[in-house]
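What follows draws every value from the coordinates through simple rules; no lab data is involved. Keep in mind that what you see is a predicted model, and the values were worked out from it rather than measured. When we count neighbours, we look across all protein chains shown, and the Cβ atoms used for this are built from the backbone with ideal geometry, even at glycine.
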Amino acid sequence: MSTVAGLVPFTSIDFPEHLAAVVFFKGCPLNCPFCHNPDLQMVDGQGVMSWQEVLQFLQTRQKRLDGAVFSGGEPLLQSDIVQCAQQVKQLGFKLGIHTSGVYPDKLSEILPYTDWVGLDVKAPWDKYDMLCGRQNIALKVQESLKILLDAGISFEARTTCDPIHLTPADIVQIASDLKNMGVPVYALQKYRTFPGDKNPPAQLAISAFFKPENLISVQNLYPNLIIR
Ligand code: SF4
C-alpha cells in the first residue's frame, strides 16, 4: 500500500478555491537542490500512518472540507495511487494532485478521478536534467503537460524561483515555452529557505525575480500570473 509521509488536516492554499487536506506520499525519483522535503525523497522507510487511517480521517471531515490533495515527494510514484484516488472520490471529495510530471502514464490513469493538477516546471527544458539530477526528464514533463492540455482539466504550471540555479531570463524562457504549448495558468513561487538548507540564497537574490523589470516579460505572456 501507499506510504504516507504526512497529513495536513486543513489548507486553503494548496488546492485553488477549495478547503482541503493534504496527504504527503513518500518517495521521489528526482533530486532537486531546492527540495524542501528531502526526507520524502527516499522510497524506503515507514510511513507515519496507514492509508486506511487517512481514509478514516477524511471520513470525519466530509462536512468540513471539500477537497483532498495528493502531494509528496512524488505521489504518482505510489503503485496504488489510482486506487487511493478512487477511494477519495468515493468519499465525495474533489481531488488535487501535486506532481513533477515525471510519470505521464500514471497521470493519464489518475486523471479520471482528478479535478485539478499543480505541475512543477522546474527549469527551461535544456537545464532540466542538470537541475533534477536525472536524464530525459524534460520529455516526460512535456508529455504530462500535453496530457493535461488534451484532457481539458483545470491545472497550473508553476516554477520555484531558485536564484542559485535559475535566472530571471530562465523564467521568461519557461513562460514563453509554456505559452507556446497553450498552458493557460502559470505561477511563480518564491524560494523559501528551510531547516537544513545547506546553501541558502540571499534574500536580495530571492526577491530579484519579482522586481517589476524582471516580471514584465512574464506578465506580458501571462497577464494573470500567480505569485506566491
Ligand atoms: S520533485 Fe519535489 S519532492 Fe522531488 S526532489 Fe524535486 S522538489 Fe523534492
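Can you give me the Cα centroid spacing of the range 22-54 and the range 153-217 in angstrom?
About 24 Å separates the Cα centre of the range 22-54 from the one of the range 153-217.
Can you give the % of DSSP beta bridges in the chain that are antiparallel, to the nearest 5?
20
Around Val185, with a cut-off of 12 angstrom between Cβ atoms, what is the net charge of the other residues, counting Lys and Arg +1 and Asp and Glu -1?
Value of the local net charge: +1.
Using the Cβ atoms and a cut-off under 11 Å, what net charge is assigned to the surroundings of His18, where Lys and Arg are +1 and Asp and Glu are -1?
-3
Size of the dipole of the range 4-227 about the Cα centre, Lys and Arg at +1 and Asp and Glu at -1 on the beta carbon, nothing else charged, in debye to 20?
360
Under a plain spin-label model, where a point goes 7 Å from the Cα along Cα-to-Cβ, how far apart in nm are Leu55 and Leu139?
So the two model labels end up 3.8 nm from each other.
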